[in-house]
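Here's the structure, in structure tokens; my notes come after.
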Amino acid sequence: MKPLNNPSRRRFLSQAGIGLLAFAGLPRALQAMEGMSSMKTFPARKASANFVADVEIELYSQPATVAILPGQSTRVLRYTAKLIKGPANSLTDIPGSYLGPIMRFQTGQKIRITLINQLDEATIAHWHGLHVPAEMDGSPHYAINKGERFVYEFEMLNRASMNIYHPHPHNQTARQFYMGMAGAIIVNDAEETNLNLPSGEYEIPLVIQDKQFDADNQLHYLGHMHDKMTGFYGDRILVNGRPDFKLNVASRAYRFRVMNGSTARIYKLAWDDNTPLTVIGTDGGLLETPVHKPYVMLAPAERLDLWVDFSGRKPGSQLVLRSRPFTGALPHMAERMMGGGGQGRHGMGMGRMGGMGMHHGHDMNNTVSADDTRMGGDYPILTINVTRQVSDSPKLPATLSRYPHYSLHDVANPKQPVPLAISEGPMSMLINGRSYADNDVQAFERIPLNSMQLLEIFHSHSGGHGMMGGGMGMMMSMAHPIHLHGQYFQILSRSNENPSDDYNTVKDGFVDNGFKDTVLVMPGERIKIIKPFQDFKGLFMYHCHNLEHEDMGMMREFLVE
Ligand code: C2O
Ligand code: CU
Ligand code: CU
């Protein structure tokens with residue numbers, strides 16, 4: 001039978017929305033159909049004549065090769081960009097990195113970004129953290145095909161903050177992100193400028209990622225079904241796209257803008273000499289006052305603004321930022337299989353759980369030392385060498401920012417929080433008991449425009465996976481970084497009725513004041529947040545930012561109307 005002459009098959013293909021078959025090539029399209037059955041693509045968007053941009057950028061998504069490890073270079077997918085109009089510092093490349101250039105904007109600027117898709121597949125760029133109209137948010141609905149363009153036009157309404165741009169096509173977000181497509185968006189405003197925080201060479205963006213390379217230095221991704229359930233974990237930590245990241249500093253204060261750019265890995269950041277971390281901001285910008293922490297948990301897509309003062313450290317001294325041991329973020333069975341305690345990197349079964357092992361081809365001594373890079377292990381992230389002595393350093397401001405505190409008096413629904421129920425099953429990670437689907441907004445997902453809402457995120461151990469509910473749910477319980485598109489929220493409360501020993505290994509690492517767009521929810525936790533839904537009607541996603549979970553369908557949307 002010749003499939004292309006078969007009318008029913010042809011009808012099936014066109015109904016499935018695979019009109020691009022002619023471009024994509026038949027076998028590839030058929031192969032991709034499983035994941036793409038619901039990926040409709042958007043017929044490109046053009047610039048509008050009456051939008052006068054202060055900054056105009058062309059953003060390209062494209063395949064490339066980049067030298068990351070010694071030897072063969074690595075095939076990646078990446079963003080590059082060209083400044084068409086606006087201040088020269090609107091774009092800064094990170095030399096030698098596959099990461100997209102850093103975009104810098106001012107609050108109030110009008111911005112036009114044209115995404116030009118040079119990948120061999122559909123994509124769309126999302127501005128994680130930005131408060132933009134639904135049609136400009138880069139949700140899966142707007143994915144464009146190879147060769148197409150999408151023109152974004154929006155005004156920067158955010159306060160000073162570090163945000164993320166990354167792909168968001170349905171089912172393909174995690175892989176495209178992992179293959180290299182991500183970048184930082186730094187927003188400045190007058191309040192922050194007046195503080196005179198360390199800037200220029202003293203303000204350092206740090207994007208932390210984990211990757212797994214095969215013997216030919218190529219990125220390995222998703223070797224096993226388990227990888228989807230637990231999330232994918234690489235054995236090699238990269239910072240700003242570089243392995244074994246080292247930074248030379250002067251003996252003065254710096255501002256580190258840290259982003260977790262991993263698909264699934266959670267970090268427990270701490271200095272190796274136990275100096276407390278000084279946190280001045282999170283996802284949504286500066287805190288009111290600095291906060292000192294023994295360690296900070298940083299889940300995928302979360303950001304951290306750190307004040308790091310090397311004053312008084314002698315040239316020649318060294319400081320290492322590490323991820324410290326913790327447990328309970330993965331189902332216990334998975335944690336055991338990844339090799340706890342003394343088993344370390346070569347522990348039994350680790351490869352299967354994504355830690356290591358599928359590709360033992362390359363030189364092990366070449367990886368990040370003999371540390372234990374399973375998630376929850378103890379391993380270095382970056383090394384700082386003090387190389388210059390200076391006598392002058394800025395002082396940490398006692399007050400950083402002023403902003404309103406959202407309270408129950410502000411919300412439309414103080415007694416009936418909007419639920420975000422997490423349910424975990426062997427093959428399904430769900431939110432509010434349903435998988436992501438087009439046109440599936442439920443009654444509780446309709447939000448009145450310009451309202452402030454109370455939302456409650458919790459683990460639901462019943463329903464969502466039928467017979468398997470209850471006990472199975474408990475066994476599968478794991479951590480989820482929950483992200484909401486649109487405006488930042490504030491965390492009202494975080495509680496855990498049955499804190500376990502595991503919980504004690506993470507509980508002092510949350511920075512819950514300030515503005516957030518992603519919150520790490522540990523097993524057993526119940527988190528209440530307050531979020532405004534202002535200015536823009538339409539669909540806004542909420543999902544797990546463990547990107548493997550997101551692509552499994554742990555994603556829903558609110559309809560603001
Ligand atoms: Cu980081 Cu839906 O996004
Ligand atoms: Cu987002
Ligand atoms: Cu999740």
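The values are calculated or read from the model by the stated rules, or taken from the named source; none is laboratory data. All values reported here derive from a predicted model rather than from experimental measurement. Because the Cβ atoms are built from the backbone with ideal geometry, glycine has one as well, and the counts that use them run over all protein chains shown. With ligands, DNA and RNA removed, areas are computed over all heavy atoms of the protein, side chains included. Shrake-Rupley method; radii C 1.70, N 1.55, O 1.52, S 1.80 Å.
What to note about this one:
- Whether segment 55-192 is rounded, prolate or oblate, judged on the alpha carbon gyration tensor where a/c under 1.5 counts as rounded: oblate
- For segment 200-241, the alpha carbon positions stretch 44, 26, 10 Å along the principal axes, listed from largest to smallest.
- Given charges at beta-carbon only (K, R positive; D, E negative), |dipole| of segment 408-560 in Debye: 460
- Sorting the segments 402-415, 500-513 by their mean number of nearby beta carbons within 10 angstrom, highest to lowest, gives 500-513, 402-415.
- Segment 392-449-segment 292-314 distance, computed between alpha-carbon centres (Å): 25
- Phi angles of segment 57-69 translate, via the Karplus equation with coefficients 6.51, -1.76, 1.60 and θ = phi - 60°, into HN-Hα couplings of 10, 9, 10, 9, 9, 7, x, 7, 10, 9, 7, 10, 9 Hz per residue; Gly and Pro are given as x.
- With all protein chains kept in place, the per residue accessible area of segment 408-560 amounts to 37 square angstrom at a probe of 1.4 angstrom.
- The calculated FRET efficiency for Arg149 paired with Ser391, based on their beta-carbon distance and R0 = 35 Å, is about 0.10.
- Backbone amide hydrogens, once placed in the peptide plane, bring Glu557 within less than 5 Å of Tyr542, excluding anything fewer than 5 places away on its chain.
- For Thr518, net neighbour charge (Lys/Arg +1, Asp/Glu -1) across residues whose Cβ lies under 9 Å away: -1
- For the peptides 437-450, 244-257, the ranking by packing is 244-257, 437-450, with the highest mean count of neighbouring Cβ atoms within 10 Å listed first.
- Packing order of peptides 295-304, 376-385, highest average first: 295-304, 376-385 (average count of other Cβ atoms within 10 Å over each peptide's residues).
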